[in-house]
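> Okay, here's the structure, questions in a sec.
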């Protein structure tokens, strides 16, 4: 083979080698790029927070916002410490005559309250019961009149005018289920005063006339406060016979048998006296 032929045959080989080398480099670049992308994806996935972490972060953010709001509110409203009600010297002197470590039987308790009452007028004696549950309710007619009269009104068009004029002169309002449609709009006025008729206390009834007679005769619905297991009820006046007041107290113990945790009685102007009595 001549030198010229040898040169001709070698040249294509060089071009082919260059071509292969270039292709190989491009392939390596693509693979490197893929590997780099994959590495980024893995890193990104590892850095991505889990659902639990997201929720925790959300809660933490919410707590931080609430704390910030509370701090701002605290700055706006200056804290005012609760001032304990100062009792008069007369009250303190009367209270010192009560043995605070004991509970009295009904007769002794009534006698003591009568003796310690320092009002210049005939005071009302009330019983305050702490019961075992909120929402407790009982309809009861005490054995003896408490000396208090309650005005019972049956709903009518005149009642609407009284409510609209702000002239509510009744203590109990009775209504029939048919008339409730007219009363609903007055719920914001009657509700807070405890005057909105409802079936639980018997003021929403199909026979309001009969119910009025019962309530006028002394039947009353006793129920706890909305947010506390406390019941307050008048049992009579300071000038009533002790025996009658005692019978009214015992009627309360019987009505709430097993549910009274504590009872105290007090006059309009007197300290409270603890009462205890076992229902047979």
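Taken together, the values in this text are just the output of simple stated rules run on the coordinates, not laboratory data. Everything numeric in this text was worked out from a predicted model, so none of it was measured. Cβ atoms come from the backbone with ideal geometry, glycine included; neighbour counts cover every protein chain shown.
> Cut-off is 10 Å between beta-carbons; in what order do 170, 121, 253 appear when sorted fewest neighbours first? Mind showing how you got there, number by number?
Numbers: 170 14, 121 9, 253 20.
Least to most surrounded, the residues fall as 121, 170, 253.
> For segment 151-217, calculate the relative contact order in percent as a whole number, restricting contacts to Cα pairs under 8 Å that are 6 or more residues apart. The partial results should precede the final answer.
On the way: 67 pairs, mean separation 26.2, N = 67.
In percent, rounded to a whole number, it is 39.
> Report Rg(Cα)/(2.2 N^0.38 Å) for segment 151-217, keeping two decimals. Working shown, then result.
Working: Rg = 10.9 Å, N = 67, 2.2 N^0.38 = 10.9 Å.
Cα Rg divided by the expected 2.2 N^0.38 Å: 1.00.
> Roughly how many Å is it from the Cα centre of segment 201-247 to that of segment 264-280, as a whole number?
Going from one Cα centre to the other spans 18 Å.
> Moving on. Mind computing the radius of gyration and Dmax over the alpha-carbon atoms of segment 192-263? Å is fine for both.
Considering segment 192-263 through its Cα atoms, Rg and Dmax are 14.5, 39 Å.
> Does segment 91-204 come out rounded, prolate or oblate, given a ≥ b ≥ c as the square roots of the eigenvalues of its C-alpha gyration tensor, rounded meaning a/c under 1.5 and, failing that, prolate meaning a/b above b/c?
Numbers: a/c = 2.86, a/b = 2.20, b/c = 1.30.
Verdict is prolate for segment 91-204.
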